1. Give the carbon-plus-sulfur fraction of the accessible surface of the chain in %, rounded to a whole number; probe 1.4 Å, heavy atoms of protein chains only.
2. Arrange the residues TYR385, TYR334 by how much accessible surface each exposes, largest first, with a 1.4 angstrom probe.
3. How large is the accessible surface per residue of the chain, computed with a 1.4 Å probe and reported in Å² as a whole number?
4. Among the GluC sites (Glu not before Pro) in region 480-567, which ones are in a DSSP loop with at most 15 other Cβ atoms within 10 Å of the Cβ? Mind listing them?
5. To one decimal place, what orientation-averaged projected area in nm² is obtained for the convex hull of the Cα set of region 106-184?
6. Fully extended, how many nm does the chain gain between ALA620 and ARG162 (0.36 nm per residue separation, minus their Cα-Cα distance)?
7. Just the C-alpha atoms of the chain: what Rg/Rh do they give, with Rh taken as the Kirkwood radius?
8. Per residue of the chain, what 222 nm ellipticity follows from adding -39500 (n - 2.57) for every DSSP H run with n ≥ 4, rounded to the nearest 500?
Amino acid sequence: MSYTDLQRIGKARAKADPRSRELPTSTVSDVLSGKRPVKKDFLESLLAAWQVPADEHRQIVEVWRRINAAVGQGPANSRRFDEASPRELGVHPAISTGDASDDLPGYVPRDFDERLHDLIGRGVERGKFILLMGASSCGKTRSLFEAVRNIVPDWWVVQPTRTQEIHELTATPTERTVLWLDDLHRYLGTDPPLRKSDIVSLVRAGILVVGTLWPTHYFARKQLRQADGTDTHADDRLLLEFADVIPVPDVLSGDERHRAGELATTDSRIGIALTSSDAGLTQVLAAGPDLVNSWEQAPDPYGKAIISAAADARRLGVQGPLTAQLLTEAMAGYLSPAHRVAAPSSWLDRALRHATADLHGAVSALTPVAGQQGGSVDGYMVADYLTQHLARIRRVECPPHSLWAALVTHVRDANDLRRLSSSALARMRYRYAEAALDKLRKIHEPSAVVELITLLRRQDRLVEALGVAEAWLAAAPQDDERRALRANLVRLQTRAEEFRGPATENPRAAELLAELLADGGRADALRTRAATGDAVASEDLAELLADRGCLDELRERANSGQQVAAARLAELLATLGRVDELGHRAESGDQTAARHLAWIGEANTDLRMASYGGLAELRAAADRGNEEAATDLTAALFEAGDHRALLDEVNAGTQLAVERYLALLCADPAVDGGLVRQIRAFGLGADGSPDRPGASG
């Protein structure tokens, strides 16, 4: 055949089968003359174009494999992709039936496969970062496995266990390599961090970087700045924006179900999955319904307790194995008093017999993690699908004291402790946050020291806070940040004594002292500047008071003629539905109040009530892991004045829920101000009740 003939045949085959490669003249010439290496998909296409008989075809491909295996050893801890098992790479073992017991059922081609194959094909030539985003057990890892195996089965695959291994690959990149990052979130927020620059470097070196990620982790890291101005996910967001993201639906399309139906005639597992109404096909294949049943229908409370504790630990950010001792201590809060009478050692034995039992093959609710010594177990990991399922139905349930206490006692991994402390702070469980932060402080985590000092200051433990700050400064005397932090604590001590002193005549001294300790003197400084006639400080103070629901002081400032305070007061009153007060202010000539009163007239009141029907939709979206919907839900609940539902969102750790919950309490005249100050300082107990100094749980 001429080069022209090969090019024509290659185009025709590629059009009929997207997996087939075209055969451009220049590429064929370079391959046959030895100027570029022979890749398997190209070889297959060339042999097909030449119509090589099947036996010779297999012999040639086998020779190619031997030659390819001999040219190099690949990167450290790697192997050829076609030598790695699907389970090693994270593909869920499937359900087992009488006539099918191998790991993988037939693959149902997905609608996004063509785009995935195209991206990988382009990545073969010049590197690529491809990310499949979808919920647990939706088939993203299987699709990625099939696509990579189809296109570059002979490439090396690197499956790192920690971010440091990625950094090592960046330092010495190798050709014809796939970096496999299944569950990408395991490498985010770690030490050392994984940044965009690392992946860019690998892609430029020609490495194909592929990964998977849950939507909850993706959208949480796509959030912009937090309410306090920090941007904790800036690096992660840049990394994710560099990826070619392919969404993977958790429900099959009509075309996909049709293809699955055709496959079901030869694979009974596909047929069983198609007829199940409890979950999608991919989830059923991964034994999703049985995992859920193993929790819901546990034969005794001990099995359900251990699965609940393990799933809640993952929800709070602990991703490492959970030891038997940790799980035993954690189970107590999930059991009734009658079931706690038995010896704890018997709890664990009974619970593990159920939770580690195989469901349809190798799937179980809890999986033992092997220790360094043969026959030893480091701990247990909970199944991903079960984790997501319980996170949805238990989203607004805060775990019991026994789990928090067990986690802060036994967790040692710094990354797990960071996530645990963040979860505790987002839920106002300050005593557990303090314990986690103190452990991080002892392993020299700078951000943990600052957060710990903030907690101690909030609770009027200034002497302890100063002691931590001085020890931190002593370790690095030239550090300006540490010196400034200590100096600010000294200033706060002096100012706090002024509010405490017997000579003070300010009737709001207790309230102002609590505020000073909570915000580190921010509002106090604004008041001082506003008193000197600083208009900007006066406006900033009005904004701050409105955000915190401080109606009384905001009203005083509005009544004294401060326009920004009047505007923010009217807006806050309208948000809270305080129609009577708005009416009185409008009658007295407050134009801003009059405008807000008009906006919440009879017609709009009906509309507001009608919007309550939308709360169910917002809750459902939040339960599915939509962070934006959850944040919108907190705003709607604040406007509705629903303390109890807002507390649920605090329990869920929803962004801005704490700020809005405290603001609503502060703005409610029926809630005692002393109680609000107590909650602001000490947070909540595990059961959601206001915490207090010296409480035991």
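The values are calculated or read from the model by the stated rules, or taken from the named source; none is laboratory data. Given the structure is predicted, the values throughout are model-derived calculations rather than measurements. Note that each Cβ is placed from the backbone with ideal geometry, even for glycine, and that neighbours are counted across all protein chains shown. All accessible areas refer to the heavy atoms of the entire protein, side chains included, with ligands and DNA or RNA removed. Shrake-Rupley method; radii C 1.70, N 1.55, O 1.52, S 1.80 Å.
1. Working: 16690 of 32620 Å².
Carbon and sulfur atoms account for 51 percent of the accessible area of the chain.
2. Details: TYR385 30, TYR334 50 Å².
If we order TYR385, TYR334 from most to least accessible, we get TYR334, TYR385.
3. Values: 32620 Å² over 697 residues.
Heavy-atom accessible area per residue stands at 47 Å².
4. Numbers: sites: GLU481, GLU497, GLU498, GLU505, GLU511, GLU515, GLU539, GLU543, GLU553, GLU556; in loops: GLU505.
Those that pass, being in a loop and sparsely packed, are GLU505.
5. Dividing the Cα hull surface by four gives the mean projection, 5.7 nm².
6. On the way: separation 458, 0.36 × 458 = 164.88 nm, distance 3.47 nm.
So the extension gain works out to 161.4 nm.
7. On the way: Rg = 30.3 Å, Rh = 29.2 Å.
Rg divided by Rh gives 1.04.
8. Details: 36 runs with 413 residues, N = 697.
Computed ellipticity for the chain at 222 nm equals -18000 deg cm²/dmol.
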